[in-house]
Amino acid sequence: SESTTLEAIRHCKKLGLEVGVSFFRTKDAVDLCDKEIPDFFKVPSAEALNFELIATLQSYGRPVLISTGGLSYDQLILMSKTIKLTNNDSILYCVANYPVANGASIPGYIKEYENIFDCPIGYSSHDEDWEANIGFLAQGAEYIERHFTINKEDTGLDISTSSDIDELKKLQVFCRLEIWKNYPAIESKMPNQGEVQNIKDLGSGYYFDRNYKKNELVIISDLD
């Protein structure tokens with residue numbers, strides 16, 4: 001209900017959390033925002049072509065994240081020509097299966113989306129394994145949306161595509177790595193101290209070129 005949603009939003013804000021709300025209807029968005037405007041909005045895949053809803057949410061000046069699961073290439077092009085996107089918004093590549101089998105989502109599509117949409121690109125993950133998100137981070141995804149569950153043994157539509165708190169903590173570690181966006185030029189590549197030591201320890205050393213007798217002097221130039 002609206003009252004429950006408002007209570008949840010206000011409780012989260014007291015905890016210092018940013019709160020986003022997903023809407024399916026323009027009227028629901030307007031009714032809620034008359035009382036409390038969330039920090040950001042989410043448009044689910046089923047409403048990705050609801051351009052009236054998207055424009056209404058954008059009018060509040062908050063970030064709008066739009067999932068695109070189930071859309072064809074032609075529909076993505078239609079979106080790009082119809083919606084006026086800003087850096088405040090994000091288009092999320094998504095595969096709308098519950099769960100998404102390994103290999104069904106394609107990290108390389110992040111780059112393709114960047115060519116289509118003039119805004120940050122993210123990934124909405126319904127993957128069976130949370131580790132699939134690492135591939136999308138490596139391709140430059142600005143946002144990762146991942147569902148949360150307290151207990152992965154519970155039943156429900158989203159449980160099979162959700163992560164518990166331990167998995168989310170692991171995902172956050174990868175999300176916070178700077179290497180996805182910033183890394184030194186290859187021309188400056190140098191071995192670190194540990195590598196230098198390992199190469200010294202693991203590399204080939206000198207070999208005796210023959211059997212030596214006791215007390216015989218060994219000369220380095222005679223060694224292989």
_Given the DSSP H assignment, sum -39500 (n - 2.57) over each helix run of at least 4 residues in the chain and divide by its residue total; what's the result at 222 nm in deg cm²/dmol, nearest 500?_
-9500 deg cm²/dmol
*Could you name the aspartates and glutamates whose alpha carbon sits less than 17 Å from that of Lys42, not counting residues in the same chain fewer than 8 places away?*
Glu2, Glu18, Asp28, Asp31, Glu52, Asp89, Glu142, Glu145, Asp158
*Based only on the alpha carbon positions, what is the Kirkwood hydrodynamic radius of region 14-139, in angstrom?*
15.2 Å
*Once Rh is set to the Kirkwood radius over Cα pairs, what Stokes-Einstein translational diffusion coefficient, in µm²/s, holds for region 101-142 at a temperature of 4 °C and a viscosity of 1.567 mPa s?*
123 µm²/s
*Whenever you get a sec, compute what percent of the accessible area on the chain sits on carbon and sulfur atoms (1.4 Å probe).*
53 percent
*Evaluate the charge dipole of region 1-53 about its Cα centre and quote only its size in Debye, nearest 20, assuming +1 on the Cβ of each Lys and Arg and -1 on the Cβ of each Asp and Glu.*
140 debye
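Can you tell me the accessible area per residue over the chain, all protein chains present, probe 1.4 angstrom, in square angstrom?
Values: 14460 Å² over 224 residues.
Per residue, the chain has 65 Å² of solvent-accessible surface.
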*Assigning unit charges at the beta carbon (Lys, Arg +1; Asp, Glu -1) and nothing else, what dipole magnitude in debye, to the nearest 20, does the chain show about its Cα centre?*
420 debye
_Ignoring trypsin sites (Lys or Arg not before Pro) that are buried or in helix or strand per DSSP, and keeping those with at most 16 other beta carbon atoms within 10 Å, what is the longest stretch of the chain between them?_
85-151
*Compute the longest continuous run of the chain that contains no exposed chymotrypsin sites (Phe, Trp or Tyr not before Pro); treat a site as exposed when its DSSP state is not H, G, I, E or B and it has at most 10 other Cβ atoms within 10 Å.*
1-205
_Computed Rg/Rh of region 74-177, alpha carbon atoms with Kirkwood Rh_ = 0.99
*Dipole of region 75-224, positive end: most advanced residue of Tyr143, Tyr123, Leu223 [Cβ charges, Cα centre]*: Leu223
_Please compare each pair in Lys84/Lys111; Lys14/Lys111; Lys35/Lys181; Lys81/Lys152 to a cut-off of 31 Å on the Cα-Cα distance and tell me which ones are over it._
Lys14/Lys111; Lys35/Lys181; Lys81/Lys152
_Along each principal axis of its Cα atoms, how long is the chain end to end? Whole angstroms, biggest number first, please._
96, 40, 32
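Please report Rg over Rh for region 51-103, where both radii come from the alpha carbon positions and Rh follows the Kirkwood definition.
1.02
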*How much accessible surface area, in Å² rounded to 10, belongs to the heavy atoms of Val100 with a 1.4 Å probe?*
0 Å²
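The values are calculated or read from the model by the stated rules, or taken from the named source; none is laboratory data. Computed from a prediction, not measured in an experiment: that's the story for all the values here. We place every Cβ from the backbone using ideal geometry, glycine too, and count neighbours over all the protein chains shown. All accessible areas refer to the heavy atoms of the entire protein, side chains included, with ligands and DNA or RNA removed. Shrake-Rupley method; radii C 1.70, N 1.55, O 1.52, S 1.80 Å.
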